[in-house]
Every structure is written in structure tokens, then in C-alpha cells.
Amino acid sequence: MKKLCTHIEQQNLNNLILVGDLNAKSFEWNNTVENKHGELLEQCMTTSKLICVNDEQATRRASSSVIDLFLISRQLFNDVKNCVTLTHEKVQSDHIAVLLDFNAGNPHEENTSEEEYWNIKKCDWNAWKETAKDSFSKLSFPQNENIENNYNRFEETLTNCMTKCIPLVKPKKKTIIQHPPWWNDDIREMKGKLNKAQKKFKLRSTPENFEHVAKAENDFEMTKKDAQNKWSEDLCEKIGEAKSLREKWSNFKKLTKKKSENLVHPLQGNNGNILFTESEKSNILKNTFFEGYHLKANNFNQQFYDDITQQYISISTSNQEENTDNIKYNDYITMEELEGSIFKLKKESAPGPDFFFTELFINGGKPIKIQTFGHH
């Protein structure tokens, strides 16, 4: 252990992950006793800025020892998604497997195949109308052909027309702005007011508008400073309450991470203990969902429960009434009705996954409408 610690300290790495049965016991990673190896390793971790990310569960069967350890550099701590001792897995070994979920990433691999998209704003609509009229006037669909082949024929014709009249462009790289952890709604509001004042001053550089900019800048800085102080106080309080070094860093990670992630926690019984056996998991799921425990009225605010129940009854009743109506889906529609429906669609958008924009049908003439909607 002494040689290992010396080697680690000499390397002075800031991206180290050390895994293994180190036979080192310490209160720091939840052992009930300590030994010499644990003492040496603790000193090495302090010097080399390492953190133990084990979940403090025993790593040997029929024992309380935590000796199979995962040690990582502090710089990598925010990349650890989870570290869990798989006590529920049946492995023929006196040691229990420990799983580390780590966001290693791959900085050397860049995605250079950016998909191009149609720039509908640059379409030559006169050319589009003539091209669509010519192409769709010649298009026919064999009656015995299946619908998929007919659609592929239609899609190919429409895509060829688009290629002739609409330019393809590559998407611009968007810069993702990550706000610091102390950023809040008050700062966002002050930042919006500052942006508004700056734009107004840019349009009219009057002394009055300059004063508005100066005031907005001061308000923004004061709000930002207050948020930073409050965040620092909360951070110190949370870290001070931690009982172990691992808990301190865990609290620090929670308070400083810039993005929140949804974490699915393990199933717990009524007593709060984690469930491991399949029968226990099955029972808690059955009781919750199949027997409707999660829908008991006493689990909800009464007003909320009554409102939702009333809405459910209203929706159910309206659906039943709608299903009883004699709706004729094959009614004849006029070209004017068809064009009116198309004009109501949102402009510069594709209503489906095929990227066929509303404007293509508005400006394409009658042949494309006839072939698309089966109007005769």
C-alpha cells in the first residue's frame, strides 16, 4: 500500500480512476474499523486530491467490510453518474461487484455529417409553380398498386421538384449558453430589462436612455451579487452538514451542476428499505398500479381530485357522444374548401415528418393538390 501511495503521489495526475480490492479500511468509506492500509490511503487521497465514490455498502458477502474501492480525482467527480454496489446480483464470489457509471465521453470524435435542410424562404415560387404543374400533371397512380409504392412515387416527384427550386443549406452551429449555478429567475428578469434598455439606447442615443441603461446595469449587478452571496451561503451550509468527505463532495456536486438530470431511484418498500428480490418488486408494483393505491382520493388535494374527476367525466361523456355521431368521412369537398384548409396551416413549417412545407401546396397549382388530396 505504501508503494502504491508513493507512486500515485509521484504521478500527480488529475484524471485518475483507481479501482480494486485495496484491503483498506477506514471510517471515511463506512467501515466499522480502521487498519494501517486505510490510514495510508486516506493520507494519499488528501495529498493527491482523490475521492472515494463507493455507496458505503459492504463489498464482501457476510461481512461489513468496504474494501473494493473506486477512487477518482476530484476534477472528474462531476462526470460520475452513479456508483452502486450490486448486492442484489447473484455472483459466485465472496466479493460483491461494484458498478461505476461514468461519463467518459469521446472528445476525439466529431460529428461532421451535418444534415442539410430546405431553405423554404429562398424558394423561387414562379419556378416552383411551373415545375410542380409539369411534374404532377404527368404523375399517375396504378389502381392495383399498394399504397406504400404510390406514396413513394409521389414523394420522389415532390422531392425532385423541391431540388430544382429550393436551395439546401447546412444548419448553423448554435452556441449553448450554460448559466452558472447561482443564476435564478430574478437575474434573468434583470438581464431582460438590461437588454431592452441597451436596444432602446442603440436606436436613440439620448441622455435619458443612457441613464436607463446605467440603472439597468446597476440593478443587474446588484441582483447578481445577491444571488451569488445566497448561493455561497447555502453551499457552505450544506457542505458543513455533511458527515463524510464523500457526502461533502456529493452536496457540492448537487449545488454546482449546471444541468439537472432525471434519476430513477430504486424501488423502496413501505419501511423505506430498498427492494432487491423480484417478488418484492412485483408486489410493490402490483399494489401501486394494479390495485390503484396511487389513485386513492386521500393521496391528493381534495379540490385537485374533484377538478380532475370532473374533467375526466366530461371528456368521457363527450367522446361517447362523438362516437354516436354519423360522420361521413368521404363527403365531396370543393377545391375552394381544400385551398382554404391549406391556407389555415402554419406557414414556414412542415406539419409532418417528411418536411413538405405548407407553402409547397399553396403555391403549387391545382395538379399537386389533386394528386395529394385525391380531389377530382
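Nothing in this text is a laboratory measurement; each read-out follows from the coordinates by a stated rule. None of these values were measured; they are calculated from a predicted model. Neighbour counts run over all protein chains shown; Cβ positions are idealised from the backbone, glycine included.
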Rg from C-alpha atoms of segment 1-99, normalised by the globular rule of thumb 2.2 N^0.38 Å, equals 1.06
Pull up all non-local amide H partners of residue 58: gap of 5 or more, or a different chain, and H-to-H distance under 5 Å with H placed in the peptide plane.
none
Surpassing 31 Å at the alpha-carbon level, of the pairs 202/225; 81/230; 193/344, are 193/344
Give me the Kirkwood hydrodynamic radius of segment 120-209 in Å, from all C-alpha pairs, to one decimal place?
18.9
Under the classification rounded if a/c is under 1.5, otherwise prolate if a/b is larger than b/c and oblate if not, where does segment 116-165 fall, given a ≥ b ≥ c as square roots of the Cα gyration tensor eigenvalues?
oblate
With a 26 Å threshold on alpha-carbon distance, the violating pairs from 215/238; 121/164; 121/200 are 215/238; 121/200
Would you grab the residues whose amide H sits under 5 Å from the one on residue 83? Only those 5+ places off in sequence or on another chain, please, with H modelled 1.01 Å from N.
101
Only residues of segment 119-134 count here: report those whose backbone N is under 20 Å from the spot 7 Å along Cα→Cβ of residue 153, or say none.
132-134
Order by neighbour count: 163, 334, 59, fewest other Cβ atoms within 10 Å first, most last.
334, 163, 59
Among the trypsin sites (Lys or Arg not before Pro) within segment 39-85, which fall in a DSSP loop and have no more than 15 other Cβ atoms within 10 Å of their own Cβ?
49, 61
At a 10 Å Cβ-Cβ cut-off, how would you order 169, 66, fewest neighbours first?
169, 66
